[in-house]
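Participant: Take a look at this one; I'll ask things after.
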Amino acid sequence: MKKLTIAVLMLLGTFSMASAELGINIGISASTGVFEAQGTEVEDTEKQAEETGMAVVGWGSIFLEKTLGSRLVIGVDYVPSALASETSEAARTDQVGSLSTNVSVNQKIQADFDDLTTYYVAFNVTENFFIKGGSVHVDVITNEALGTGSTYPNASLDGNMMGAGYHKNFDNGMFMRAEGNVMEFDGVTLSSSTNNTVSVDDLNGVSAKISIGKSF
C-alpha cells in the first residue's frame, strides 16, 4: 500500500493546472471503521450457536471521479489490499466421521474481505459540504480449519452506503476531504461440505475517511 500511495502522488504531481477542465478527480483515502455482524451456525438442522461480533479495522483505497456540472459527482472507490479478520479459535464437542461418541475438536475460523469496491454519487450541497450514497461489493474468502471436517465456500456480499463530509479545494488543483459513512451489507448463508450452514445477518458498520487528491 505504501508503494501504491507514492505512485499515485507522483502521478498527481505530473499534471498541470491547464488540464483542470476535464472534470476528473483522482486520489487516495485512509479509513477507519467499526463493523458488527451477527452469525448463526446450524448443524444437521439443529442450531449450534448464535453470536454477535464487532471489529475495528483500518484500510487504504484509491478513487476516481467525474464531475457533472457544478454539484454532481459520480465515482468509484477501490481497496487494493484484502482486509483480514481476526482468527477465532475454539474447542467444541462433536461427532466426527463414523465415530458414535462425541470427541473434542478444534475449530479455527478466519476470513479475508477482498476487492472492496464502492460505486457512489455525491451531491455538493454547498461549496464545501457534500452528501453521498451508493452500492458496495466485497468478496469474502473463507480460511477455516475445522476439526469437524467441514469446509465452506467463498462468497460475495453486496450492500449500500451513505455519508456526508467536507471538501476543501486549493489553488494548485489539489483538494482534501473528511467524511463519515455508514455501510450495510445483505446477509448470506453458506453451506458446508458436510451439509452444515452458517448464516451472516446484520453486517453493518460506520467509518471515518480522510482523502487527498487532485482535479483535472
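Participant: Taking 0.36 nm per residue of separation and subtracting the Cα-Cα distance, what length does fully extending ASN195 through VAL76 add? Intermediate results must be reported in sequence, preceding the final value.
Facilitator: On the way: separation 119, 0.36 × 119 = 42.84 nm, distance 3.78 nm.
The ASN195-VAL76 span can extend by a further 39.1 nm.
Participant: Can I ask one more? Return the sequence-ordered ³J(HN,Hα) values of the range 153-168 in whole Hz as given by the Karplus equation 6.51 cos²θ - 1.76 cosθ + 1.60 applied to θ = phi - 60°, using x for Gly and Pro.
Facilitator: x, 6, 8, 10, 10, 10, x, 9, 9, 8, x, 8, x, 10, 10, 10
Participant: Evaluate the distance, in nm, between pseudo-label points positioned 7 Å from the Cα of ALA84 and of ILE210 along their respective Cα→Cβ axes.
Facilitator: My value for the distance between the label points is 2.5 nm.
Participant: Please quote Rg/Rh for the range 148-204 to two decimal places, taking the Kirkwood radius as Rh and restricting both calculations to Cα atoms.
Facilitator: Values: Rg = 19.8 Å, Rh = 14.9 Å.
Rg divided by Rh gives 1.33.
Participant: How large is ³J(HN,Hα), in whole Hz, for each residue of the range 64-73 in order, when computed from phi with the Karplus curve 6.51 cos²θ - 1.76 cosθ + 1.60 and θ = phi - 60°, using x for Gly and Pro?
Facilitator: Once rounded to whole Hz, the list reads 9, 9, 10, 7, 10, x, 9, 10, 9, 9.
Participant: Continuing with this model, one more query. Taking 7 Å along the Cα-to-C-beta vector as the label spot, tell me the GLU184-SER156 distance in nanometres, rounded to one decimal.
Facilitator: Taking the simple label geometry, GLU184 and SER156 are separated by 2.2 nm.
Participant: Also, quick follow-up: I need the calculated FRET efficiency for the pair THR117 and ASP171, taking r as the beta carbon distance and R₀ as 25 Å, to the nearest 0.05. Intermediate values should be presented prior to the final figure.
Facilitator: Details: r = 32 Å, r/R0 = 1.29.
The pair THR117/ASP171 has a calculated efficiency of 0.20.
Read-outs throughout are calculated quantities, based only on the coordinates presented, and are distinct from any laboratory measurement. What you are looking at is a predicted structure, and each value in this text was computed from that prediction instead of being measured. Neighbour counts run over all protein chains shown; Cβ positions are idealised from the backbone, glycine included.
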